Amino acid sequence: MSGVHEERLKLREVTIPVEVPVRPVSKREIKQLEAMLIIGTLFRHDVIQAALSKEEFLTWVDSLAIAASALAMEKAGYTVSQIAEELGRTEATIRRHLKGETKAGKLVRETYEMLVRGELKIAIPVLSPEAEEEIKVLSERVEKLENELRQLRGENTELRERVLSLEERIKKALEKLDVAINTIKEAKNILE
């Protein structure tokens, strides 16, 4: 992301109250913790900045979801083999996520620790007033250009019709000219 765009994108942090069980006991609580870990991780300021520069963002988000699910299940007392079976991943993959050996696993574990300490904040991207004004100006320019394009298309259609009409007139004039030339040739032959 270029420096110009970074100045326009401002982040506002919102504190999330810890209403999510950090030691879930039911499937519902596991899903709540999993969702908070995914959302909390995705909307952390550092993660947003890193994600904006990643080309393989969707693959990374999938890893993040697996890491969040694995950690939530681990906190509920599931074994690594139960988690692997439930998520359709290998035990080795689950262990790497849980140990924080993967980027996604490390980030999810950090988010969990922040949640436990009551420090989890979500960075919400908001446009600066300058960016909003620039968007308004650009929208007006786009509308103006679209109007000009419609007008030019209309003029282009009109000019094409004129060209076709002129081509037809030239064709008729050439036919008349050919008739006149042939008449002159015949007259010349008669006179000779």
Take residue 159 and decide whether it is without any contact (Cβ under 8 Å) to a residue 40 or more places away in the chain and surrounded by 10 or more Cβ atoms within 10 Å (Cβ to Cβ). yes
I'd like to check something: does the range 44-53 contain any residue that is polar (S, T, N, Q), at pLDDT 65 or above, farther than 17 Å from residue 119 by Cα and in a helix (DSSP H, G or I)? yes
Could you identify the single residue in 180, 104 that is surrounded by 10 or more Cβ atoms within 10 Å (Cβ to Cβ), in a helix (DSSP H, G or I) and touching a Phe, Trp or Tyr at 6+ places or on another chain (Cβ under 7 Å)? 104
Please pick out the residue among 140, 110 that is closer than 16 Å to residue 33 by Cα and modelled with pLDDT of 90 or more. 110
Is it the case that residue 149 is out of contact with any Leu (no Cβ under 7 Å at 6 or more places or on another chain), free of Cβ contacts under 8 Å to residues at least 12 places away in the same chain, exposed (fewer than 10 other Cβ atoms within 10 Å of the Cβ) and not charged (D, E, K, R)? no
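The values are calculated or read from the model by the stated rules, or taken from the named source; none is laboratory data. Quantities reported herein were computed from a predicted structural model and do not represent experimental measurements. We place every Cβ from the backbone using ideal geometry, glycine too, and count neighbours over all the protein chains shown.
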